[in-house]
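Peer 1: Right, I'll just put the structure down here and ask away after.
The values are calculated or read from the model by the stated rules, or taken from the named source; none is laboratory data. Only a predicted model underlies this, so the values are computations on that prediction, with no experimental measurement involved. So basically every Cβ, Gly included, is an ideal-geometry build from the backbone, and we count neighbours across all protein chains shown.
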Amino acid sequence: MIAHIRGVVAEKFAGSVIVDVQGVGYEVAVPAGDYDALTLDTDVKLYTYHHVREQAEELFGFSSLAAKKLFELLITVQGIGPKAALAILSLGTAEQVRNAIANSDVAFIQRASGVGKKSAERVVVDLADKVGLPTHYQQTAAVQTELNTNDEALEALMALGYTLADATKALEGVDTSLPTNQRITEALRS
């Protein structure tokens, strides 16, 4: 298994790059964000997934280990192959995709090329508990899609049975400078 490659970006074409590693060129399919970020004749390290089929071997590369691990989770879902997983990861950063899965955002996943509604629903059902809670919380956001795990009041409300959306709504008008127990009390009153 090829875990990562380090070399110089020699060519870019159709969502793939050729990385020259001491005279050997490796063709690596990459998500759209990585493709846009990579420039010719620059050093690069890509974490890779080596996909072996009967008649072909393919390398899929990612600028972060988190993206590679999410890719490996995605391909465990029935009906999601490496190309569909790459299309899903091309929708945004690995963190944005992970948050979409954690928040059961089927519409976001369905925007990926070659991923239909049923496949997107299967991704959410199969992986929501494996990707963990969303990690970034913005109190001023109209629609809560991410969670700040440092917000103890939000976590406490969720532990009491509130959904992420309900807990966020309850905390909207509460002063963030108050101690956690007062914020919880105020949120429960509203």
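Peer 1: Could you check, for region 65-80, whether at least one of its residues is hydroxyl-bearing (Ser, Thr, Tyr) and either modelled with pLDDT under 90 or crowded, with 19+ Cβ neighbours inside 10 Å (or both)?
Peer 2: No, region 65-80 contains no residue that is hydroxyl-bearing (Ser, Thr, Tyr) and either modelled with pLDDT under 90 or crowded, with 19+ Cβ neighbours inside 10 Å (or both).
Peer 1: Right, here's the next one. Looking at region 101-119, which of its residues are within 16 Å of residue 71 (Cβ to Cβ), modelled with pLDDT of 90 or more and small (Gly, Ala, Ser)?
Peer 2: 112, 119
Peer 1: Something else: Within region 112-124, track down each residue that is under 14 Å from residue 86 (Cβ atoms) and of a type outside the set (Ser, Thr, Tyr).
Peer 2: 112, 114, 115, 123
Peer 1: Return yes when residue 107 is under 30 Å from residue 167 (Cα atoms) and either exposed (fewer than 13 other Cβ atoms within 10 Å of the Cβ) or in contact (Cβ under 8 Å) with a residue 60 or more places away in the chain (or both) and no when it is not.
Peer 2: Numbers: under 30 Å from residue 167 (Cα atoms): yes; either exposed (fewer than 13 other Cβ atoms within 10 Å of the Cβ) or in contact (Cβ under 8 Å) with a residue 60 or more places away in the chain (or both): yes.
The answer is yes for residue 107.
Peer 1: A follow-up question, please. Could you grab me the full set of residues in region 93-104 that are in a loop (DSSP other than H, G, I, E, B) and buried (at least 18 other Cβ atoms within 10 Å of the Cβ)? Before the answer, list the steps.
Peer 2: Step one: of region 93-104, the residues in a loop (DSSP other than H, G, I, E, B) are 93, 103-104.
Scanning region 93-104 gives a single hit, 103.
Peer 1: Next up: With the structure loaded, tell me whether residue 98 is modelled with pLDDT of 85 or more and in contact with a Ser or Thr (Cβ under 9 Å, 6 or more places away or on another chain) or whether it fails that test.
Peer 2: yes
Peer 1: Which ranges mark the helices (runs of 4 or more DSSP H) fully within region 10-92 that have 1 or more residues being in the same structural domain as residue 122 (by TED's automatic domain parsing) and without any contact (Cβ under 8 Å) to a residue 40 or more places away in the chain?
Peer 2: 65-74, 82-89
Peer 1: Say we look at region 110-129 and pick out the residues that are aliphatic (A, V, I, L, M) and touching a residue at least 40 places away in the same chain (Cβ under 8 Å); which of these is surrounded by the most Cβ atoms within 10 Å (Cβ to Cβ)?
Peer 2: First, pick out the residues of region 110-129 that are aliphatic (A, V, I, L, M): 112, 115, 120, 123-125, 127-128.
Now restrict to residues that are touching a residue at least 40 places away in the same chain (Cβ under 8 Å): 123, 127.
Values: 123: 28, 127: 19.
The residue in question is 123.
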